[in-house]
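Structure first, then comments.
The values are calculated or read from the model by the stated rules, or taken from the named source; none is laboratory data. Source: prediction; values computed, not measured. For neighbour counting, all protein chains shown are included, and Cβ atoms are generated from backbone atoms with ideal geometry for every residue, glycine included.
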Amino acid sequence: MTDFSNATIPLLTLTHGNDQCVLSLFGAHILSYERNGQEKLFVSKAAHLDGTRPIRGGIPVCWPWFGQLHPDIAQHKQAHGLVRNQLWQIDAQVKTDQATSITLSPTVTSSQLWPEGLSAQLVVTLTADTLSIALHSHNNSIKNIPLSCALHSYFAIEDINSICITGLNGIYHDNAKNGAIEHTPSPYLISAEVDRIHPTHVAQTQIKQTSQTMTTVMHQGHDSLVVWNPWIEKSSALSDMENTEYLSMVCIETALTQGFNLPAGQSHVLQQTIA
């Protein structure tokens, strides 16, 4: 298991059978998922685990915007929303023979930038073979509210040079090339910086490695999947990531990057399941 003994943020451990998941109440941030003894998630050794800034790695929750949804107020906002750097509270915990689950919600639900009437809950469910993360958005107001969000998952890999991603096709927007539209490579290998938004509703992707280990990622409620690896130059510029750690991670993010107007009185669920 990954060592989080230096963390000063509150941590919780969920177990089911031989599998376990570690999450922090800071950001409702999942830090570790061990399935059959194999760690599925990456957290940087340089990550801040003291609550002073969002955590590099694991599964950050980006809500109620992804990236910079509203350019007119972008200068007043942090990237990826309001909830990554605040404490969440436990609303419910359930343990049965089939699963262990916990439901969390943010403790701060009002600010100048918080959309009035919009609320969030995160339901984390651990079964014998999967970890499921469901981000629920509820519009309790009488007007439509713009929403975008993401589960920004960092997956642990042996070597970025030896993985192949399957399940993606069509075009993508390449943020490493000023948003240029490119065609998804086949096979999908990574040998340089990638920051790609794939507009897709595909339900499943896989990360395959030469050791025959594989991580399956299932997606629901999304309009895009984001593939990200900072590579050499950007990772060396990040204060919360060690220079060579880009070799050990890849992000496949289940996301609503295009966003939509969540109707009054309605809810939306963005879900990622890891196996």
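Before we move on, is S191 hydroxyl-bearing (S, T, Y) and more than 20 Å from C62 (Cα to Cα)? For S191, the condition - hydroxyl-bearing (S, T, Y) and more than 20 Å from C62 (Cα to Cα) - is met. Checking each residue in segment 174-184 for being under 20 Å from the mean Cα position of the chain (by Cα) and either β-branched (V, I, T) or not in a helix (DSSP H, G or I) (or both) picks out only D174. M214 passes every criterion in (1) touching a His at 6+ places or on another chain (Cβ under 7 Å); (2) surrounded by 12 or more Cβ atoms within 10 Å (Cβ to Cβ) apart from (1). For segment 108-117, the condition holds for at least one residue, the condition being that it is of a type in the set (V, I, T), at pLDDT below 95 and under 21 Å from the mean Cα position of the chain (by Cα). In the set N85, N140, only one residue is touching a residue at least 12 places away in the same chain (Cβ under 8 Å) and loosely packed, with under 14 Cβ neighbours inside 10 Å; that residue is N140.
Would you be able to say whether some residue in segment 36-51 is outside any loop (DSSP other than H, G, I, E, B), within 28 Å of N175 (Cα to Cα) and modelled with pLDDT under 95?
No: segment 36-51 contains no residue that is outside any loop (DSSP other than H, G, I, E, B), within 28 Å of N175 (Cα to Cα) and modelled with pLDDT under 95.
Residues that are among the small types (G, A, S) and surrounded by 22 or more Cβ atoms within 10 Å (Cβ to Cβ) within segment 221-275 comprise S224, A255, listed in sequence order. Checked against the criterion of being under 30 Å from S235 (Cα atoms) and surrounded by fewer than 17 Cβ atoms within 10 Å (Cβ to Cβ), the candidates E182, E116 yield just one match: E182.
Counting only strands (runs of 3 or more DSSP E) that sit completely within segment 93-173, those holding 1 or more residues that are of a type in the set (G, A, S) correspond to 100-106, 118-126, 131-139, 145-151, 154-156.
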